[in-house]
Amino acid sequence: MKKMKAKLETIIGIVIACAVLITMLLYITKAGELQIEEYILIIIPVLLVASAIYILWDRIKNIKAGLPAKDERLIKVNYKAGYYGFIAAIWSAVFVPLTTEILFGYELIGGHVTAAVVIISGLVFMISYLCLSGRGNIE
Amino acid sequence: MRTRIKELRARYDLTQEELAKKVGVRRETILFLEKGKYNPSLKLAHDIAKNLHTTIEDLFIFEDE
């Protein structure tokens, strides 16, 4: 049952990663001429998807070897990285609109703030996950 | 904290992967445990001790003891 769940989670992860990549590819082809800021906004999600693919590949490798996709240490890593991502989401929801208004003098629309929050919290989650999973004690 | 996992694993001729399979964790977790870099849950400590035919007290040695 646990193995089935892990396999299902991995398949869903692969489908989501592919869907994100296809969406971005469509965006790039339809957008025409892109500005440097837009390239940065594309590179960050690509990095996130690349990290997600690495995590999925690691899971598949373990499942194939007959080992669990995640164990108690990795579950703790997941929770801690999720906690850091959540804190980053709260901070970025406050600081992104404030800093753009103070430093650049323009007010961000809701959609841009949401995008920034998702990208920043995703980035913090991925970096924390990759750093913590390479360490022993998570506490 | 030190552990005797590596020593006992060698005694029973088990690889890290084999022990990991027996106790249901990933190989890296066994590696971190052997290095004393990870504090396992009571259940995992019990499972490892059982598979290495020893007790938890015998397997995990605390430096201040």
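The values are calculated or read from the model by the stated rules, or taken from the named source; none is laboratory data. All of these numbers come straight from a predicted model, not from anything done at the bench. Neighbour counts are summed over all protein chains in view; Cβ atoms, including those assigned to glycine, are modelled from backbone coordinates with ideal geometry. These area figures cover heavy atoms from the full protein model, side chains too; ligands, DNA and RNA do not enter into them. Shrake-Rupley method; radii C 1.70, N 1.55, O 1.52, S 1.80 Å.
Summary table
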quantity	calculated
Average beta carbon contacts from partner chains per residue of B:18-25, 10 Å cutoff	3
For the protein assembly as shown, alpha-carbon Rg relative to the globular expectation (2.2 N^0.38 Å, N residues)	1.32
Chain pair B, A: total accessible area buried, heavy atoms, 1.4 Å probe, Å²	1400 Å²
Accessible area of the protein assembly as shown belonging to carbon and sulfur atoms, whole % at 1.4 Å probe	67 percent
Degrees separating the helix A:36-64 axis from the principal Cα axis of chain A, which is the longest one	10 degrees
Test item: A:67-80 mean partner chain Cβ contacts at 10 Å	4
Set of lysines with alpha-carbon distance to A:Lys61 below 22 Å, sequence-local pairs under 8 removed	A:Lys2, A:Lys3, A:Lys5, A:Lys7, A:Lys70, A:Lys76, B:Lys21, B:Lys22
Farthest toward positive dipole pole in the range B:11-65 [+1 Lys/Arg, -1 Asp/Glu at C-beta], among B:Gly24, B:Gly36, B:His53	B:Gly24
Global form of the range A:1-100, assessed from the alpha-carbon gyration tensor, a/c cut-off 1.5	oblate
Where chain B is the region considered: accessible area per residue in Å², 1.4 Å probe	59 Å²
Qualifying chymotrypsin sites (Phe, Trp or Tyr not before Pro) for chain B [loop in DSSP, other Cβ within 10 Å: at most 15]	B:Tyr12, B:Phe62
Residue-averaged 222 nm ellipticity for the protein assembly as shown, from DSSP H runs of 4+ at -39500 (n - 2.57), nearest 500	-24000 deg cm²/dmol
